[in-house]
Structure formats: structure tokens, C-alpha cells
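Encoded as C-alpha cells, the structure appears first; notes follow it.
No lab work stands behind these numbers, since they all come straight from the coordinates. Please read all numbers here as calculations on a predicted model, not as lab measurements. Neighbour counts run over all protein chains shown; Cβ positions are idealised from the backbone, glycine included.
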Amino acid sequence: MFVFYDTETTGLDHDFSQILQIGLIFTDDDLNTLSSKKVECRSSPWVVPAPGALLTTGFSPDDLKFNKLSNYEMMHAVNDWLRGQHWPVTFVGYNSIGYDEPVLAQNFFQNLLDPGLTTSKNKANNQSNGVADVMVLVKAVAAYMPGVLKLDVMNDFGTPSLTLINVARQNGVILSDDDAHDAMNDIKATVGVAKFLRKAAPAVWEQMMTLSTAEGVDTFLNSNKVFTYTNGSRKSSVMTSLDGKASGAAVQAPLYDLSIDPTPYLKMTPEQLKNVLQSKGTKPFVLVRKGSQPILMPLELSEPVLPAAYDEKLYAARARTLRSHKVFLDNVAKAVALVKQEQAALTPTSYPEKLIGKEVPAPVQKNIDIWIRAFHDADSWHDAAALVSNFPVRFKDELAADPSLIRFARFAERIVYEHAPQELSKEKQDSLKTHIAERLLNPDLKAPYMTIAKARKELQQIELERSWGKNKKWDHVTDTQIRALKLYYTSIEKEYAPFLPTPPVNDNAPVVPEVKKPPNNGPKI
């Protein structure tokens, strides 16, 4: 069973973008549609939609303000619909693993729903849901069965364009310019491309479906000592796995390129190996995320990508040496852990959105889940607000051990404020208004989230590109739309400026975008 889905959002940042529209199609194993759902919502008060996103999707300021559903209500409807399907299912999109998947997880997370729903298990049979990406499948088929797909349209870099509209059109799937960027139309096209790939390249399709779960990746790594790996930025390489256990405990699996003599690395310390893992340029190690449907192929399917210098006996011998060297494998595991620690240390903790992957001890999570269920099931917003107010008391000891647990109360507080602000104390309402004002009117153009200042800069860039007359991306945009967005951003500023502790720095002054002059052949799209 499959759930094909697509989202239209307020921006491109995974952690701070809100889903405005989501379309879902539930299919059987043969990709026949069984049911579908499409739902939209208004934007939340603390979110500034990016102008580029709005002009691409066609959402107007009125759509953002007056849609009947809130994001909280929409995500509950999506959650209930998904849990009503027969599990396990494989969640499929187009470029979804790189974008829609993390955005969907964040929108669940911020609405106190399970961010790991797409990889949850069926409690009846303990089988996990999977995630697959048709764009990844396109890359796999292009590499391992060249000629099956027609990919003649090139992008600005001289390589085949893998946008959904270009892949669909060239391979007999109808998707017009007018239909694109509507969630349901994009999903139908994605299903069409998936059907084409399944029929034209069944062996690659089946292999990639086995890699749609972490357990499937582990099974492959345990069963294949030598295999090939490719992705969008690296040529196919003959690899072996250095994940000694391949048990699912690790999120990432370290692979080694067997074309490179491993001798210099066998005696390296974990710190030295960590530096190699983090180095730029050619390196023998690759870390693949097990939940990202990595393109791993057994040798019997790899003939089209095997390098001319491939030496079966030499590569097999190197694989045996690496996989049997327990000290080296242990050092690699420690090096991977060091990389993970450094990455975690760089993650800002001042934003609750950034804590999506932070683990909570099981007993604590169990009690928080009970509190969350009470919040969702509250008879009124008054009762929900009372639960929010009581959170610091109820979890006093847990907060003392881990202050970041307050993120659950912060999300709940936002939800109450959007739906029934009067249920919060006057002090809390004023505090939230100030917080939202500081966020929306932050003059820092390097803020991790979209702000009014950043939106105005982006809008000026779009206007400049339209004036060049060579960028087809904005051909559909009208002066009326540009003017409506300018008025929209000004209205937000006027609404929240009074709640700033100090006057907004940008003071409605035009932001001069840092843009380059167009090249002779026009701007790149």
C-alpha cells in the first residue's frame, strides 16, 4: 500500500515553513487509487509566508487570512486520515525526502502530533511504514537502466532537469503549467511517473522499495558485502558497509569506496577518521541516512555503472579486510558518533522547532504523551489553556533535569493563542504578542525564519528579475499580485509594531537587496 502526498508551504526552510495545502492519495500495491484527501489552512500569526512561495503556489493574502481551518486543525485532519488507512504503508512524494518529509514532520511536531508518523510501526504486526521518493527513483533508473527514461530537457548546469513537470511531460504523463504547484495535481503526476517506472524498470523499482525502510537498508547491507551506491552529486561507486551491526540502531550507515586503498585509514584514531569524514573533496567514506532511501544496488544490477578499473577480486579482498577489522570498525563507529555530537552542538536550542530530533527518556515521554492527549481531548480551549499553565508545575522535576522540555508547552501555548487568546492571561497574551512581533519584525536578514524584512528583500529581487524579462519563472506574476503582497506585508507590520519593546528597526524603509546584475544571457532560474 502507498500514500502519495505533496505539500504547498509558506517557504523553503524545513524547520520554520508551515504547510498551507496538502494532498494525499492512498493506493493499493498496483498504484490504483483507493481514496484521496486535499485540505488547506490559513497561516498562523507567527509565520511570514515567503513571496516566492506565494507567487509560485498562487495563494493570495486573503487565502492566508480567511481559510476556515487553522494549521492545527488541518494537521489533525491529516493525522486522522493517515491513521485511518491500512498500515504499513509507504509514503511517497516527488523530492519529498529532501523537503516534504521534514516539513511534514515539523508540522506534526509543532502541533503536538507524532513527527515520526511516516516511519511508525503497525502495532499488530510490528512492520514499519516506509518512505520513498520518485525523484530518487528517477535517478536510480537513469543510472542503472539508462535509456529507459527520456530526460532530454536540460537545466542551467547542462544536466537533465529532474523537475516533476519535465520528467512527467517527457515520459507521457500529463501535467500542464496551470496544473503544476497544486498539491493534488502534483500527486497525480507523481503517481503517473511512478507507474511508468514500475513498468519500465521493475528490477530497480523492487530494489528501491526494499530500501524504503531502515530495516530494509540493514538487510541489504548485511546481505551484500560489495555493492554499488550513487546519489545526485556523486558518481556511482563500488562500496562496502562499515556498519558492523547494521541493526537499525544507527540512523546513518558508513560506506567505504573500494576503489581507494584502505591501508592508510586502518590505523587512524576516531578523531582522525572524524576529520576525514568531515573533509571536502574526494574521500573514501560516505555516510548515508538509512531513512532516506539510499540508492544501493547489488552487483547483478550494477553493470551499467561499474567503473572500467573495477577489479572484482581486489575489491572483494578489500571488503573482507575492512569488514573483519574489528578495531577499525569500532573506530569508524566512534568517529561517526563524534560527527553527530558536533552537529548537535551546532544546532540552536533557543528555537523549539530545532529540537525536533531531541530524545526524551521513555518514562518522561510517556507522561508528556498523557499530557498531550489531555490537551487534544480537552472539552474547551479554557481547559486546554489550564493544561498549558499547569505544565511547569506538573513537570517541575523533569524541567529541572531538561529545561528544553518546555517546548511542548510553548507549542501548546501558541495553539491556544491562535484559537482562543482570551483564555490566556492578559500578561501571557501581551508576552506572546511581543514574541510574535519580535519574530516577524526582526530586521536581521540572516534570521533562520522568514521575516518582513526578508520578505521585502525577496520581493524586490523578484521584481528585478521580472524587469530583466528573461526569467520565465515569474512570467505568470502580475503587478496586481506584487502590489497585494506589498500591502499584505505592510499590514502585518502595522499590526505587530505596537507590541515591540522598541520601534522596528526597518521602520517600513525599503530594503536594498544585495543582487548581482544580470549576465548577458539573462539570470539563471
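Simple rule: put +1 on each Lys or Arg Cβ and -1 on each Asp or Glu Cβ in the chain, find the dipole, and look at Asn107, Leu314, Leu211; the Cα lying farthest toward the positive end is Leu314. Of all lysines in the structure, those lying under 18 Å Cα to Cα from Lys433, and not within fewer than 8 positions of it along the same chain, are Lys65, Lys494.
Charge dipole (Cα centre; +1 on Lys/Arg Cβ, -1 on Asp/Glu Cβ; no other charges) of the chain amounts to roughly 1320 debye. Partner lysines whose Cα lies under 21 Å from the Cα of Lys396, excluding those fewer than 8 positions away in the same chain, are identified as Lys358, Lys366, Lys428.
Would you please give the FRET efficiency between Thr490 and Leu69, computed as 1/(1 + (r/R0)^6) with r the Cβ-Cβ distance and R0 = 41 Å, to the nearest 0.05?
Details: r = 26 Å, r/R0 = 0.63.
Calculated value: 0.95.
On full extension, the segment bounded by Asp377 and Val393 gains 3.7 nm, given 0.36 nm per residue less the C-alpha separation.
A simple spin-label model places pseudo-atoms 7 Å from Cα toward Cβ; at Lys473 and His86 they are separated by 4.3 nm. Label-to-label distance for Arg320 and Thr349 is 4.9 nm, based on points extended 7 Å past Cα in the beta-carbon direction.
Relative to the dominant Cα principal axis of the chain, helix 362-376 is inclined by about 40°. Relative to the Cα centre, the charge distribution of region 224-346, modelled as +1 at Lys and Arg Cβ and -1 at Asp and Glu Cβ, gives a dipole magnitude of about 280 debye.
Based on Cα contacts under 8 Å between residues 6+ apart, the chain shows a relative contact order of 14 percent. For the pair Lys150 and Thr219, the difference between a 0.36 nm per residue extended length and the Cα-Cα distance amounts to 21.6 nm.
Take every pair of alpha-carbon atoms less than 8 Å apart whose residues are at least six positions apart; their mean separation over the length of region 3-76 yields a relative contact order of 29 percent. Once the C-beta distance of Gln127 and Arg289 is scaled by a Förster radius of 25 Å, the resulting FRET efficiency is 0.75 to the nearest 0.05. Determine the percent antiparallel among the DSSP beta bridges restricted to the chain, to the nearest 5. Of all bridge pairs located within the chain, approximately 80 percent are antiparallel.
One chain, two ends: Ala386 and Met268. Fully extended at 0.36 nm per residue, the span grows by 36.9 nm beyond their Cα-Cα distance. Taking 7 Å steps out from each Cα toward its Cβ at Asp62 and Lys366 produces label points 5.3 nm apart. As a proxy for reagent exposure, Asp444, Asp218 were ordered by neighbouring Cβ count within 10 angstrom, fewest first; the result is Asp444, Asp218.
Per the helix-only calculation at 222 nm, which mean residue ellipticity applies to the chain, given -39500 (n - 2.57) for every DSSP H run of n ≥ 4 and division by its residues, nearest 500 deg cm²/dmol?
Values: 20 runs with 235 residues, N = 525.
Value at 222 nm, helices only: -14000 deg cm²/dmol.
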